[in-house]
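Read the figures in this text as sums done on the coordinates, not as results from a lab. These figures come from a predicted structure and were not determined experimentally. Using ideal geometry, Cβ is built from the backbone for each residue, glycine included, and neighbour counts are taken over all protein chains shown.
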Amino acid sequence: MFREKTVNRITNIIFSQGQKWSGISKNETVLFKGIAILLIVTHNFMHLIKEGVPGENEFTFHPERFRSFLTLIVQEYPDIVRIVLHYLGHYGVQVFIFLSAYGLTKKYLAEKIVYKEYLLDRFIKIYPAFILSILLFLAYGFLTDGPAGPLELLHAHWKAILFKLTLVSNFIPGMALKPVGPWWFLPFIFQFYLVFPIILVTTRKYGACTLAVLSSTGILLSVISTYLGANVYYTIIGHMPELCLGVYLASKERLHIPYYATVAIILLFILGNLYLPFWFISHFCALILLLQIFGASKHALKGNTGTNKLLAFYGALSLHLFFVHGFLRWPLLAWARNFDNWAYSLLLCITFLAISTVASYFLYLVEQKIRHWYVSKPGAGR
């Protein structure tokens, strides 16, 4: 009981007085997903135009990347959009991680999970879109290399695709980002789905202490693995604090964020980009800051119908966009690298986003048609 009160007290310090936390509605979740996917997609284009300039501390840590980021903002300010998205855009992933845990907890907090039905529901939510994305990936090979393109892609990447489908690629050295970088998220999120019922049941029984222990264990294992030369940031181990925060906040109706806690979190985030010991909590700090920014701006978003609709549109497409944008960036990236001009890079990024939007919307429509056909089959509901 004492430990649970201590955990709650610490969390209330982080979320108290300065800014109110009143939860995220379903509509707000879609808007937040829209913001996150736009950050991720534009980051995944911008950070490959000039690889390593400035770089980012996403899966690995190098303090010179942050120093380079600050230097480039001052020295190459016309290129500030690319620089900022390059270095900071990947934190949109933390939002997806948080919302996955938050949404599942909201859904199952008051009801018993039937594990088989739960997994089937998760499978149906993720796998059809991913399999269609693989087919689109092979079709892309046809467009770029003619009739032999799909077979060449399949021959070159069949092992990597199989490892993705069987959810083991993030445990195999060198395979997490193959064949398409953003696809690392599929095994990650489904591995979380596998263990989520255990986390939820344990949290119901032992309270917030469970989440504190899991978060601390995740951080400790991340530290150990990094010093051993391994990388757990493609797995749920490296992102356990963000997942646990989602579970915790889903069970809280109201919290507050004091201003001094916000200042402390900003400081920890900066330190996390300069010094390795602090890096292990920097993703968590970035998530809290993004939650605060969204909380402060969501009322303004409600009043702006155009922005609201646009973000809701991208939020609804976020899964499909996540799966298709990785390979659709390749041709335009080559042009951006050749011209090496900030305005041209920005124009190509917008073009890439438009192409990816059309492709993901097409994928979404095809998936909906398949779902409708399946549901309307005689005996499908049995």
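Nearest 0.05, what FRET efficiency do I198 and K309 give at R0 = 35 Å with Cβ-Cβ as r?
Taking R0 as 35 Å, the efficiency between I198 and K309 is 0.35.
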Note, the stretch 147-157: 3J(HN,Hα) by Karplus (6.51, -1.76, 1.60, θ = phi - 60°), whole Hz, Gly/Pro = x, goes x, 7, x, x, 5, 5, 5, 5, 5, 6, 10
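How far, in nm, would the chain grow between I124 and Y260 when pulled straight, counting 0.36 nm per residue and subtracting the alpha carbon separation?
Details: separation 136, 0.36 × 136 = 48.96 nm, distance 4.37 nm.
Result: 44.6 nm gained on full extension.
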Cβ density ranking, 10 Å radius, fewest first, applied to L132, L143 yields L143, L132
Spelling out what I want: for every residue of the stretch 340-347, take phi, set θ = phi - 60°, compute 6.51 cos²θ - 1.76 cosθ + 1.60 (Karplus), and round to whole Hz; glycine and proline get x. 6, 9, 4, 5, 5, 4, 5, 5
FRET efficiency, 1/(1 + (r/R0)^6) with R0 45 Å, evaluated for K107 and L274 via beta carbons: 0.70
Would you calculate a helix-derived [θ] at 222 nm for the chain, using -39,500 (n - 2.57) for each DSSP H run of n ≥ 4 and dividing by the full residue count, to the nearest 500? -24500 deg cm²/dmol
So what J values fall out for the stretch 308-317 if you push phi through Karplus, 6.51 cos²θ - 1.76 cosθ + 1.60 with θ = phi - 60°, rounded to Hz, Gly and Pro as x? 4, 5, 5, 5, 5, 4, 5, x, 5, 8
